[in-house]
Amino acid sequence: DRMLVDPSLKRVMPITTMEKCTVDATTVITGTTQFAGGICGKAYGVLIYDCHNQADVTGKNCVGGVSGYMRDYQKNEHGLIVNCSSTNSTIVGQTNYGAICGMLEHDNNHTGALTAVVGCYTNSVVANNKIVDKFARGQEKVYGNYAAGTTADVDVLNAEIKEYNDFIEKYNVDF
């Protein structure tokens, strides 16, 4: 477990971690209903850190290059995808799909929890190829991520470096 300083709770918290996982391009990942991901199909209250996917991922709902679905769990267990990548792959879904996370969600009853995609990279192809959908679908935050192959690469990278640094400073995260 890694530790995260949470200013809202004024304490240091352990985080359950999936770390340094890699899936190569020879792997084929297919979900028949929900929750298909290159590293993890569905995760609650987990830090997915320094994981990298090169496999194509296909499914119906909640399909992502790293995680199909990510959410916080209970009142203080964050759902974070940090320093991960989805490269040289194709992500295909019918609803809620993204190159890093298919659906990134936060439960509003979990006031002390955070859900975010931070410092990730992708050059993977998603079905609609819109930059807003490159990282994650859902209402939560993406910080300091970079999507290759978009017309706004440099602007996105520069704007999100500040958000990434603000996130690291606010939560005192030692990645």
May I ask you to list the residues in the stretch 86-100 that are in contact (Cβ under 8 Å) with a residue 40 or more places away in the chain, touching a strand residue (DSSP E or B) at 6+ places or on another chain (Cβ under 8 Å) and not small (Gly, Ala, Ser)?
Asn96, Tyr97, Ile100
Could you tell me whether any residue of the stretch 59-66 is touching a Lys or Arg at 6+ places or on another chain (Cβ under 8 Å) and within 20 Å of Val118 (Cβ to Cβ)?
yes
Give me the residue from the stretch 101-119 that is over 21 Å from Phe35 (Cα atoms) and touching a residue at least 40 places away in the same chain (Cβ under 8 Å) and, out of that set, nearest to the chain's Cα centre (by Cα).
Gly119
If you check every pair at least six apart or on different chains, which have Cβ atoms under 8 Å apart with a residue in the stretch 51-79 that is more than 21 Å from Ile91 (Cα to Cα) first and a residue that is assigned to a loop (DSSP other than H, G, I, E, B) and polar (S, T, N, Q) second?
Lys75/Asn109; Lys75/Thr111; Glu77/Thr16
Would you point out the residue of the stretch 104-124, among those that are modelled with pLDDT of 85 or more and open to solvent by 40 Å² or more (accessible area, probe 1.4 Å), that is farthest from Gly93 (Cα to Cα)?
Tyr121
What are the residues in the stretch 22-39 that are open to solvent by less than 20 Å² (accessible area, probe 1.4 Å) and in a strand (DSSP E or B), if any?
Ala36, Gly37
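The values are calculated or read from the model by the stated rules, or taken from the named source; none is laboratory data. All figures in this text were calculated on a predicted structure; none of them were measured in a lab. Backbone-built Cβ (ideal geometry, glycine too); neighbour counts: all protein chains shown. We work out accessible area using only protein heavy atoms, side chains counted, and drop any ligands, DNA or RNA first. Shrake-Rupley method; radii C 1.70, N 1.55, O 1.52, S 1.80 Å.
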